[in-house]
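Student: Sharing a structure with you now.
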Amino acid sequence: MKKTVMYAAAFALTLGLGFTANAMADKGPADITLQATIDAAAKAKPAIFPHAKHQATLTCGECHHGKDAAGKQVAYTEGMKIEKCESCHNKAAGMANAKVTTFKDAAHVNCKGCHTEKKAGPTKCGECHK
């Protein structure tokens with residue numbers, strides 16, 4: 001009986017510490033409003049992005065990345081500073097990949113492409129841009 005109590009207490013402590021560490025980690029806001037500011041059309045509507053919901057099923061590197069000195073995409077690594085997408089995805093930056101030249105293009109390729117591939121989540125304009 002004492003062993004069972006000891007194991008249960010150790011399990012509860014481990015579980016509690018795991019939840020505390022997870023809650024303390026900086027994971028960004030629960031929801032993010034995505035709005036193009038550079039290269040934006042005059043009437044572009046923002047998209048509401050449920051960041052926390054995506055964190056539950058994706059790793060950071062599936063969406064986020066950096067760039068090297070030559071401007072080439074590099075994979076995300078733990079602790080990497082996450083820049084605004086538009087710092088690179090804008091017409092002035094001269095992206096080599098024409099499919100992701102603007103923030104809008106990059107978001108549509110990444111987000112809409114993932115939802116289409118997984119056959120889950122929004123793929124129509126009004127579902128994100130409310």
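Please treat every number below as a calculation from the coordinates, not as lab data. On a predicted model such as this, the values are computed, not experimentally measured, just so you know. Here Cβ is always computed from backbone atoms with ideal geometry, including for glycine, and neighbour counts include all displayed protein chains.
Student: Enumerate the calculated ³J(HN,Hα) couplings along segment 77-85 in order (Karplus 6.51 cos²θ - 1.76 cosθ + 1.60, θ = phi - 60°), each rounded to whole Hz, writing x wherever the residue is Gly or Pro.
Tutor: 10, 3, x, 5, 5, 9, 7, 5, 4
Student: Sticking with this one: Reachable aspartates and glutamates from residue 72, Cα under 16 Å, same-chain residues fewer than 8 places away excluded?
Tutor: In chain and number order, the partners are 83, 86.
Student: Residue 67's amide H: which non-local residues (gap 5+, or another chain) put their own amide H closer than 5 Å, with H modeled 1.01 Å from N in plane and none for Pro or chain starts?
Tutor: Long-range HN contacts for residue 67: 74.
Student: Now for a separate question. Please report, in cubic angstrom per residue, the volume enclosed by the convex hull of the alpha-carbon atoms of segment 29-128.
Tutor: Taking only Cα atoms, segment 29-128 has a hull volume of 112 Å³ per residue.
Student: Okay, next question. Give me 39, 31 sorted ascending by neighbouring Cβ count inside 10 Å, so fewest comes first.
Tutor: 31, 39
Student: Collect residues whose amide H, placed 1.01 Å from N in the peptide plane, falls under 5 Å from the amide H of residue 49; neighbours closer than 5 in sequence don't count.
Tutor: 32, 33, 34
Student: Using Cα pairs under 8 angstrom and six or more residues apart, how large is the relative contact order of segment 29-128, in percent?
Tutor: 19 percent
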